[in-house]
1. Would you be able to say whether some residue in region 66-75 is out of contact with any helix residue (DSSP H, G or I) (no Cβ under 7 Å at 6 or more places or on another chain), without any contact (Cβ under 8 Å) to a residue 24 or more places away in the chain, over 19 Å from L14 (Cα atoms) and assigned to a helix (DSSP H, G or I)?
2. Could you grab the pairs with beta carbons closer than 6 Å, sequence gap of 6+ or different chains, first residue in region 145-170 and farther than 25 Å from D31 by Cα, second one modelled with pLDDT of 95 or more and part of a loop (DSSP other than H, G, I, E, B)?
3. Being in contact with an Asp or Glu (Cβ under 8 Å, 6 or more places away or on another chain) and outside any helix (DSSP H, G or I) is the filter here; which residues of region 12-49 pass it?
4. Test of understanding: among R45, R81, which residue is farther than 23 Å from P160 by Cα, at pLDDT 95 or above and out of contact with any Phe, Trp or Tyr (no Cβ under 9 Å at 6 or more places or on another chain)?
5. Report every pair of residues separated by at least 6 positions or lying on different chains whose Cβ atoms are under 9 Å apart, first residue within region 1-23 and more than 29 Å from A176 (Cα to Cα), second part of a strand (DSSP E or B).
6. Which one is surrounded by the fewest Cβ atoms within 10 Å (Cβ to Cβ) among residues in region 117-142 that are without any contact (Cβ under 8 Å) to a residue 60 or more places away in the chain and under 14 Å from the mean Cα position of the chain (by Cα)?
7. Can you name every residue in region 81-114 that is in a loop (DSSP other than H, G, I, E, B) and surrounded by 13 or more Cβ atoms within 10 Å (Cβ to Cβ)?
8. When you go through (1) under 19 Å from D133 (Cβ atoms); (2) modelled with pLDDT of 95 or more; (3) assigned to a helix (DSSP H, G or I) one by one for R54, which number turns out not to apply?
Amino acid sequence: MVARVAYVGISGVLHPSKSLYKLLFSRLPVDDGHHDYEGVPVLERALAPWPDARIVLTSTVPWKFGLPWTLEQLGPALAERVIGSTYDDLTTKLRRGTRHLPLSDADYWRCNKSDVVRTHFEWLRPDAWVAIDDESIFWTRDERRDHLVLVDGCRGLLDPAAQDRLLTVLRGNFGAETVDVGP
């Protein structure tokens with residue numbers, strides 16, 4: 001049984017979304033000094049008080065580049081927390097319906113992020129969960145209020161407001177910090 005799960009996107013969360021950034025600013029994030037996975041230390045610090053918290057990746061990055069490559073990019077502290085990715089879990093491990101079949105690839109790709117997280121949560125059944133993403137479509141009012149850390153896709157977790165929201169949502173779902181990590 002998994003007690004605490006953070007559903008984590010990568011692009012737009014741990015670094016600016018290249019496509020959104022290009023659309024809005026007519027240049028790439030690297031042109032303004034950004035780099036991939038620059039928000040990893042922020043997420044590491046935020047999760048530190050809950051050593052039993054696990055991560056499920058909601059990004060397409062593990063599908064595209066493989067989970068081992070993705071874990072390497074996340075670094076050891078976050079990689080050790082990762083228990084899977086929504087794509088892999090829902091298309092290979094999930095058992096549903098009378099025939100106990102996982103989602104097909106086509107069904108998975110038709111889902112929006114809120115449906116993916118909701119389906120994964122219903123399958124995994126953690127005691128508590130949060131979602132960190134830059135996609136806002138179709139989350140319920142209760143999910144938005146209690147579980148979602150919605151970040152600006154051009155700033156991700158580098159935004160101080162997103163960091164404040166993350167700590168609020170983590171405390172609200174995971175309880176009081178179980179480890180003192182200092183100021």
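The values are calculated or read from the model by the stated rules, or taken from the named source; none is laboratory data. In this text the structure is predicted, and so the values were computed from the model without any measurement. Using ideal geometry, Cβ is built from the backbone for each residue, glycine included, and neighbour counts are taken over all protein chains shown.
1. No, region 66-75 contains no residue that is out of contact with any helix residue (DSSP H, G or I) (no Cβ under 7 Å at 6 or more places or on another chain), without any contact (Cβ under 8 Å) to a residue 24 or more places away in the chain, over 19 Å from L14 (Cα atoms) and assigned to a helix (DSSP H, G or I).
2. L148/W139
3. Across region 12-49, the qualifying residues are G12, V13, L14, H15, S17, P49.
4. Values: R45 fails: farther than 23 Å from P160 by Cα.
That would be R81, the only listed residue that is farther than 23 Å from P160 by Cα, at pLDDT 95 or above and out of contact with any Phe, Trp or Tyr (no Cβ under 9 Å at 6 or more places or on another chain).
5. Matching pairs, first to second residue: S17/S11; K18/S11; S19/S11; L20/S11.
6. S136
7. R81, L94, P102, L103, C111, N112
8. (3)
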